[in-house]
1. Mind checking which residues of region 138-182 are over 29 Å from LEU195 (Cβ atoms) and either within 16 Å of the ligand (Cβ to nearest atom) or assigned to a loop (DSSP other than H, G, I, E, B) (or both)?
2. Condition first: aliphatic (A, V, I, L, M), surrounded by fewer than 18 Cβ atoms within 10 Å (Cβ to Cβ) and at pLDDT 95 or above. Can you find one or more residues in region 241-249 that meet it?
3. Being in the same structural domain as LEU100 (by TED's automatic domain parsing), surrounded by fewer than 23 Cβ atoms within 10 Å (Cβ to Cβ), farther than 24 Å from LEU297 by Cβ and in contact (Cβ under 8 Å) with a residue 24 or more places away in the chain narrows it down to one residue among GLU48, GLU33; which is it?
4. Could you go through region 59-79 and let me know if any residue there is surrounded by 15 or more Cβ atoms within 10 Å (Cβ to Cβ), closer than 23 Å to TYR150 by Cα and under 22 Å from the mean Cα position of the chain (by Cα).
5. Under the condition of being assigned to a loop (DSSP other than H, G, I, E, B) and of a type in the set (Ser, Thr, Tyr), which residue from region 183-208 is surrounded by the most Cβ atoms within 10 Å (Cβ to Cβ)?
6. Among the residues of region 103-137, write down those that are away from the ligand (no atom under 16 Å from the Cβ) and in a helix (DSSP H, G or I).
7. Between a residue in region 1-19 that is at pLDDT 95 or above and any residue that is part of a loop (DSSP other than H, G, I, E, B), which pairs come within a Cβ distance under 6 Å, given they are 6 or more apart or on different chains?
8. Across region 207-219, what is the total count of residues that are more than 26 Å from the chain's Cα centre (by Cα) and under 21 Å from PHE159 (Cβ atoms)?
Amino acid sequence: MGRKAIITGVGHYAPPKVLTNQDLMQMVDTNDEWIFSRTGIRERRILEGDRGSSYMAHQAAEMALKNSHTDPKDIDLIIVATVTPDTLFPSTACRVQDMLGADKAWGVDLNGACSGFLYALSTGAQFIESGMHQKVLVIGADKMSAIVDYTDRTTCILFGDAAGAVLLEPQESDDPHTGVIDAILRSDGEGARHLYMMGGGSLHPATHETVDNKMHYIYQDGQTVFKFAVKGMADVSAEILEKHQLTGKQIKYFIPHQANLRIIDAAARRMKLNDDQVVVNIERYGNTTAATIPLALSEVYYDNKLEKGDYLVMAAFGAGFTWGSLLLRWAI
Ligand SMILES: CC(C)(COP(=O)(O)OP(=O)(O)OC[C@H]1O[C@@H](n2cnc3c(N)ncnc32)[C@H](O)[C@@H]1OP(=O)(O)O)[C@@H](O)C(=O)NCCC(=O)NCCS
């Protein structure tokens, strides 16, 4: 018998305020046709008021705990994947730990940008499989509106705010294809010059100059990132199937990071999937960075579309560059 990490609870939170393509047309020189045809996005959500990513992370976590009938006091570890922590320190995970009243949990933030949730899910699974922990909460949460320049039409159309969460617990099983089966995780720091936020870290601490130069916003060379993303995400998605001798037909759902519909389509084609196997909600949320995959998973779950034994493949690409895929077998 082997000890496997399975998902036993799922939750998500998307703030109620909607920012549509029409709204953006009032702010920058753009239009619905351009945005939708190039990205697949119609609208995104914006977190209002005096709230940070921890607010959304907490909401998503509460939903996942309720779903699995789990007392927060039994959680061992909270991992929050985010590039928009409430503060550089203390971590957003510590804030969520306090909000939940998860008294015995330790918490840590993980920055893998758009691949953050896959990195975090894979990390959390190791703590379960090793026997060190019984209950690990893995959250992806990003308030991208905090770091988007709403005068830059090349980036402001892409991003939105949301959070998603899963609870991992152990299950003893003879079948290696139980719960989190495997992940292929990659990084290439050469990509740093194509997608970044320069200001606010130790290299360029906040000064009047960094603010004047708009260094506290996301910058990306969209075309270059697009090319790397298409190849990177498709490669690891196909590779994880091959490694486990699975075909696209055996996969119930492909849950990709939602950055651009054309990137998703390229990966789905490489895996030889039909449209109904590919989970897409980018139209309603845009790119919510670490939140896209758990948000999409949670929507599929609450639509009652998942059955025990279903194979799922997740894949992502983001700043770093970071990318990866994860193979999972639904176990509840
Ligand atoms: C950002 C992205 C949608 C841009 O699409 P694209 O097809 O590459 O478009 P381009 O950047 O080549 O721009 C084409 C033209 O549209 C213009 N344009 C850019 N943004 C626009 C907007 N919001 N509205 C209208 N026109 C726009 C450009 O100025 C350019 O005009 P030009 O030809 O006169 O110079 C696309 O590159 C992309 O999705 N990149 C990857 C994003 C990503 O995955 N990021 C990872 C984060 S995890």
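The values are calculated or read from the model by the stated rules, or taken from the named source; none is laboratory data. As the structure is a prediction and not an experimental result, all values here were calculated from the model. A quick note on method: Cβ atoms are made from the backbone with ideal geometry, for glycine too, and the neighbour counts reach across all protein chains shown.
1. Those that are over 29 Å from LEU195 (Cβ atoms) and either within 16 Å of the ligand (Cβ to nearest atom) or assigned to a loop (DSSP other than H, G, I, E, B) (or both): ASP174, ASP175, PRO176, HIS177, THR178.
2. Yes: one or more hits.
3. Criteria check complete, one pass: GLU48.
4. Within region 59-79 (the criterion being surrounded by 15 or more Cβ atoms within 10 Å (Cβ to Cβ), closer than 23 Å to TYR150 by Cα and under 22 Å from the mean Cα position of the chain (by Cα)), the answer is no, since none of the residues qualifies.
5. Ranking the candidates gives THR207 first.
6. LEU121, SER122, THR123, GLY124, ALA125, GLN126, PHE127, ILE128, GLU129
7. LYS4/THR178; ILE6/ALA331; THR8/SER68; THR8/ILE332; GLY9/SER68; PRO15/LEU47; LYS17/GLU48
8. Qualifying residue count, region 207-219: 3.
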